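*Asks:* Structure incoming, see below.
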Amino acid sequence: MEQQQEATQRVEVLDSMLDWELMFDSRLDADDRALDDLEKELKLSDKVYSPEEEQKIVVLLLQNMMQPEQAEKALRCLCIFIRHKLLEPILVGAIADQLYDYFVSPEQSDLAFNALKTIITEMPAIDIVWDKDSRPIQLALKLVESLAPRLAGGITKANVSRSLELMAMLLRHFGTIMRNHAKLCNMRFLGSYFCTGVELGRGSYANVFLGRHTKTAEVVAIKAMDWDRLTKGKDKLRQALENEIRIMSESDHPNIVRLYDSLREGCNLNLILEYCGGGSLEEYLLKKGPLPEEEVLHWLHELALGLKFLHDRNIVHRDIKPGNLLLYSDSAESSLKITDFTFARFLDPGDLATTLVGTPLYMSVGVLLYQMLTGTVPYRGNNIIELLTDIKTSELRWPTTVKISANMKDLILSLLQKNADLRISWTEFFMHPCVGIIVTETEEEEEPMDLTMSIKRSVLVNEDLSGTLKALRAELDSKNKELKEVKEELTIAQEKLTNTQEDVEELTSRLLHTESAKERAEQNAAQLAEEKKLAEEKVLALKHQLLEIAANRILKESSNSDEEDTLRNENAKLLETVETLTKELEVYKIALQLEAADAGLKEGWRKYFN
């Protein structure tokens, strides 16, 4: 962050410098006399300039340095200005940036190259103890911080010679500063190669940096390790690293990372390796996820070519994994290269003549294929013991969401065969339909096809498939049994539902009948109520008639005897009326009884339904 702020400040300084429309003085024009006068003035030790005057002078000199006829004097003036006037460090960094921009411009490259060489040479060399408060060190620090990263990062085939010449000058004059700088300490020359200090990767015992060939500018990877610290008292590790160097130096193949050179630098060992810009297969899988089988076949073929090269030379890698497989470019059609031979070793021909017994190589290839196709590994464990236990006890399962051909499944099963005696052989692996590498007759004679083992392996695979089929059939039978039980329960439930429906229908019919009876009872009750009313009215009328008759009799008793017959007739009618009224009263009583019975019936149905 601090360096970014300083770079921004330098750009702002350059912009402000180049925006000046009026130069320092009318006498500072672009002719020889003006530059001669400026040079004499600059040599005066007591001459002091303001910051604005310094910027104007620097602009003038930078512009004149790009004019062939004025370049020498302008450069001389600038060197005097920098050395004797002790400019602000930020201004020195801005000068370095501007000169580098001229350097990468074809029209101004020569003049800028000479100017940079002169400035580096004229500045006081720093070969003292680190002291940040020293003004010369501050100026040199700004110069190397501005110039070194741009020189290292801008190397091309066209400018490699000049860029590295300037870099060499920086290292000679300001090596102490650069060796003590976190961003510049890894910049160095290693034989015919230059380490740019750009880190490509970091491991447990080595760091990898971007490098360039000093003549061709070819990009390389430089694997740097502290050899003495790593191997002190560790004979096995020393032997492993020596094996790695030997194997890689003898392996010149398109599918194996090349080792161009190995160089000792004090206690350090530097391996100059082929650069692969596509990163590792592990990074590729993290970015892409599960791959289609067509692409997996491409990577498998690339890997098999490299493995066959190693097999032909009796070399076993023993650490095949996505992180140790590099892609030349970030493309699905890229070539794949095997790297990191730390655990590799030479084996006697007999060790690998027949099968893959005793080596994790083919197991790892099988795991790699499974991982590329599914996006996960078939076996898991937090440590080697848990991993081996899982390998021994777990059965390989194929994800139902991934389409894998029968040939690919056959290859993976053959590679991940737990019984080493039945595992696939080298020849079978290379000649498998998924690999498709032609094996010569000589190789077939050296490693004959073991038909017995092949048949056993096929039988075992078939047994595995048969076992799987039996398990599936057993599971299917279990499911059918469960289905039958469910059907029976469903039948019982349907019967209960039918009975319930019949009960509902019967209750509904009863309810309808009850409602009909209720309606009739209500009609009868209404009719009886009406008859009751009429009967009461008739009783009342009859009472009035009886009273009238009684009164008339009293009156008629005093009348003549001729009226007795009439009275008898009226008495007879009265008796008849009384009888009729008595009958109607009986009917009324019956109606009241029916009404009470109807009320009881209603209460009974209500209790029944509740």
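One line per residue, one yes/no per condition, for (1) buried (at least 16 other Cβ atoms within 10 Å of the Cβ); (2) touching a helix residue (DSSP H, G or I) at 6+ places or on another chain (Cβ under 8 Å); (3) at pLDDT 80 or above:
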| residue | (1), (2), (3) |
| --- | --- |
| Leu356 | yes, yes, no |
| Met363 | yes, yes, no |
| Gly375 | no, yes, yes |
| Tyr379 | yes, yes, yes |
| Leu387 | no, no, no |
| Asp390 | no, no, yes |
| Lys403 | no, yes, yes |
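*Asks:* OK, next. Run down Lys232, Lys308, Lys287, Lys236 and say which single residue is among the charged types (D, E, K, R) and surrounded by 18 or more Cβ atoms within 10 Å (Cβ to Cβ).
*Replies:* Lys308
*Asks:* Follow-up question, since we're still on this one. What is the residue count in the stretch 337-354 for residues that are modelled with pLDDT under 80 and either within 31 Å of the chain's Cα centre (by Cα) or farther than 17 Å from Leu310 by Cβ (or both)?
*Replies:* Result for the stretch 337-354: 1.
*Asks:* Can you tell me which residues in the stretch 71-103 are buried (at least 19 other Cβ atoms within 10 Å of the Cβ) and in a loop (DSSP other than H, G, I, E, B)?
*Replies:* The one that is buried (at least 19 other Cβ atoms within 10 Å of the Cβ) and in a loop (DSSP other than H, G, I, E, B): Leu87.
Conditions tested, residue by residue: (1) assigned to a helix (DSSP H, G or I); (2) within 42 Å of the chain's Cα centre (by Cα).
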position: Ser105; (1), (2): no, no
position: Ala112; (1), (2): yes, no
position: Ala115; (1), (2): yes, no
position: Ala148; (1), (2): yes, yes
position: Ser161; (1), (2): yes, no
position: Glu165; (1), (2): yes, no
position: Phe174; (1), (2): yes, no
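*Asks:* Oh, and also: Identify, from the list Glu199, Glu242, the residue that is within 31 Å of the chain's Cα centre (by Cα) and farther than 20 Å from Leu325 by Cβ.
*Replies:* Details: Glu242 fails: within 31 Å of the chain's Cα centre (by Cα).
Sole residue among the options that is within 31 Å of the chain's Cα centre (by Cα) and farther than 20 Å from Leu325 by Cβ: Glu199.
*Asks:* Say whether the condition of being at pLDDT 80 or above, hydroxyl-bearing (Ser, Thr, Tyr), in a helix (DSSP H, G or I) and not assigned by TED's automatic domain parsing to the domain that holds Ser364 is met by at least one residue in the stretch 458-476.
*Replies:* no
For every residue, the table says whether it meets (1) at pLDDT below 90; (2) farther than 28 Å from Glu282 by Cβ.
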| site | (1), (2) |
| --- | --- |
| Thr156 | no, yes |
| Arg162 | no, yes |
| Arg172 | no, yes |
| Gly175 | yes, yes |
| Val198 | no, no |
| Gly203 | yes, no |
| Gly211 | no, no |
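*Asks:* Give the residues of the stretch 361-393 that are within 20 Å of the chain's Cα centre (by Cα) and small (Gly, Ala, Ser), sorted by residue number.
*Replies:* Gly375
*Asks:* Only one of these is assigned to a strand (DSSP E or B), within 30 Å of Thr401 (Cβ to Cβ), more than 20 Å from the chain's Cα centre (by Cα) and in the same structural domain as Leu373 (by TED's automatic domain parsing): Leu303, Leu326. Name it.
*Replies:* Working: Leu303 fails: assigned to a strand (DSSP E or B).
Just one listed residue meets the conditions, Leu326.
*Asks:* While we're on this one: Which one of Ala152, Ala148, Ala206 is more than 25 Å from Asp97 (Cβ to Cβ) and surrounded by 18 or more Cβ atoms within 10 Å (Cβ to Cβ)?
*Replies:* Residue meeting the stated conditions: Ala206.
*Asks:* Moving to a separate point now. Do any residues in the stretch 47-60 that are in a helix (DSSP H, G or I) have Cβ atoms under 7 Å from those of residues that are crowded, with 19+ Cβ neighbours inside 10 Å and modelled with pLDDT of 80 or more, where the two are at least six apart or on different chains, and which pairs are they?
*Replies:* So the pair list comes out as Glu54/Leu91; Val58/Leu91; Val58/Ile95.
*Asks:* Still on this structure, please answer the following. Mind checking whether some residue in the stretch 58-76 is closer than 20 Å to Ala96 by Cβ, modelled with pLDDT under 80, of a type in the set (Lys, Arg) and in the same structural domain as Ile90 (by TED's automatic domain parsing)?
*Replies:* Within the stretch 58-76, one or more residues are closer than 20 Å to Ala96 by Cβ, modelled with pLDDT under 80, of a type in the set (Lys, Arg) and in the same structural domain as Ile90 (by TED's automatic domain parsing).
*Asks:* Do you know which residues across the stretch 175-225 are over 30 Å from Met123 (Cβ atoms) and among the charged types (D, E, K, R)?
*Replies:* Scanning the stretch 175-225 gives Arg202, Glu218, Lys223.
*Asks:* I'd like to know if the stretch 436-455 contains one or more residues that are surrounded by 10 or more Cβ atoms within 10 Å (Cβ to Cβ), in the same structural domain as His298 (by TED's automatic domain parsing) and modelled with pLDDT of 65 or more.
*Replies:* Checked against the condition, which is being surrounded by 10 or more Cβ atoms within 10 Å (Cβ to Cβ), in the same structural domain as His298 (by TED's automatic domain parsing) and modelled with pLDDT of 65 or more, the stretch 436-455 yields at least one hit.
*Asks:* A further question on this structure: For Lys236, state whether it is assigned to a helix (DSSP H, G or I) and outside the structural domain of Ser109 (by TED's automatic domain parsing).
*Replies:* yes
The values are calculated or read from the model by the stated rules, or taken from the named source; none is laboratory data. Being a predicted model, the structure only gives us computed values, none of them experimental. Don't worry about glycine lacking a Cβ; one is built from the backbone with ideal geometry, like all the others, and counts go over all protein chains shown.
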